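Here is the structure we will look at.
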Amino acid sequence: QVVAVYGTLSDLLSVASNKLGIKATSVYNGKGGLIDDIALIRDDDVLFVCEGEPFIDPQTDGRAQEELTGSHTDWLTLNVGGRYFTTTRSTLVNKEPDSMLAHMFKDKDAWGNKQDPRGAFLIDRSPEYFEPILNYLRHGQLIVNDGINLLGSTAFFVGVLEEARFFGIDSLIEHLEVAIKNSQPAEDHSPISRKEFVRFLLATPTKSELRCQGLNFSGADLSRLDLRYINFKMANLSRCNLAHANLCCANLERADLSGSVLDCANLQGVKMLCSNAEGASLKGCNFEDPSGLKANLEGEKVLPGVDMEGSQMTGINLRVATLKNAKLKNCNLRGATLAGTDLENCDLSGCDLQEANLRGSNVKGAIFEEMLTPLHMSQSVR
């Protein structure tokens, strides 16, 4: 506006305030010089009044604003799932130029991004998982809030990984995959102790089937425990103390029993197909079930040194088992299936082999002294 300048500087400020509807406190000339005396004003001067803020050249400010609007350093606000994030266009574009975020904000309005009433760009994603992504674009590092427990944060990292894949932040995906791998607890292969297993047994209902497949019990003391019907298939029971344990109808298929002590254990109806009992001691074990349920040790790899002296094994199935050099002295093998069994150098003295099937078995060097019943040739290899 054009106003007449007269009187004092205070009069000029008062007129300007009334004309412009502001509370003018300072007057500047066209070059930004502060005028403190009205006598310094010339007839053709263009004056600028303000309410106390520093002088800003409108022409320079207009060019700067125009440049700012077209550049990649202008500030913008994102509304991600209802949470606001303020960042710069360069942050979203420069770090990952091929990402979805870069394409959304590289060229202004190229994607027709929707804005809320506050002017923030709407992104319908999880703000919790978006924040680490934005921090990564800012710093190039995976930064997690203090509230996140890194030792138990696998689920959080998986969530961020899914968002990184959605936005196409390829370099962050690699960081997250490493973080997820490192956050996984180390596999514990340490053997289960007697105390742990007893606690496990007490917490399990009696009618529930216990499955201990593939578990590591190496060296554990499981003596005198009631282990009936438990599935120990492929479990590591090496060097275990199973003396006097009740393993009735337990499944020991392909289990490692090497060096274990099973003296006087109840093995009625036990399944030991293809298990390894090298060097195990089975003295005085009971394999005989009055109900007729027979123990099955078919394919058992009972290798050198196993001691089964005095065991009750009526009707036991030891077909094609390896009993080389085993001690079977005074065992009850009446009606046992020993077809194809390797009995080389076994001590079978004092055994009851009545009606036992020895067809195809290897009895080279075996000791048959003091047999309770005579061994008929029809029972052995022809």
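The values are calculated or read from the model by the stated rules, or taken from the named source; none is laboratory data. Keep in mind the model is a prediction, meaning the values are calculated, not measured. Note that we place each Cβ from the backbone using ideal geometry, even for glycine, and neighbour counts take in every protein chain shown. These accessible areas exclude ligands, DNA and RNA; they are computed on the full protein's heavy atoms, side chains included. Shrake-Rupley method; radii C 1.70, N 1.55, O 1.52, S 1.80 Å.
Scanning the range 121-137 for residues that are assigned to a helix (DSSP H, G or I) and among the aliphatic types (A, V, I, L, M) yields Ile133, Leu134, Leu137.
Of the numbered criteria (1) at pLDDT 70 or above; (2) assigned to a helix (DSSP H, G or I); (3) open to solvent by 50 Å² or more (accessible area, probe 1.4 Å), the one Gln65 fails is (1).
Looking at Cys274, Cys240, just one residue is closer than 22 Å to Ile316 by Cβ and open to solvent by 30 Å² or more (accessible area, probe 1.4 Å), and that residue is Cys274.
Of the residues making up the range 324-346, those that are open to solvent by less than 50 Å² (accessible area, probe 1.4 Å) and over 19 Å from Thr314 (Cβ atoms) number 3. When Gly30 is tested against the conditions (1) in a helix (DSSP H, G or I); (2) at pLDDT below 75, the lone failure is (1). Looking across the range 77-104 at every residue that is in a loop (DSSP other than H, G, I, E, B) and in contact (Cβ under 8 Å) with a residue 40 or more places away in the chain, the one that is surrounded by the most Cβ atoms within 10 Å (Cβ to Cβ) is identified as Ser99.
Restricting Leu172, Leu201 to residues that are open to solvent by less than 10 Å² (accessible area, probe 1.4 Å) and either assigned by the TED database to the domain that holds Tyr129 or outside any loop (DSSP other than H, G, I, E, B) (or both) narrows the list to Leu172. Taking the range 243-260, which residues are over 21 Å from Val320 (Cβ atoms) and either basic (Lys, Arg) or crowded, with 22+ Cβ neighbours inside 10 Å (or both)? Residues satisfying the conditions are Ala245, Leu247, Ala250, Ser260.
One residue stands out in the range 216-232 among those that are open to solvent by 60 Å² or more (accessible area, probe 1.4 Å) and in a loop (DSSP other than H, G, I, E, B): the one that is farthest from Ser281 (Cα to Cα), namely Tyr229.
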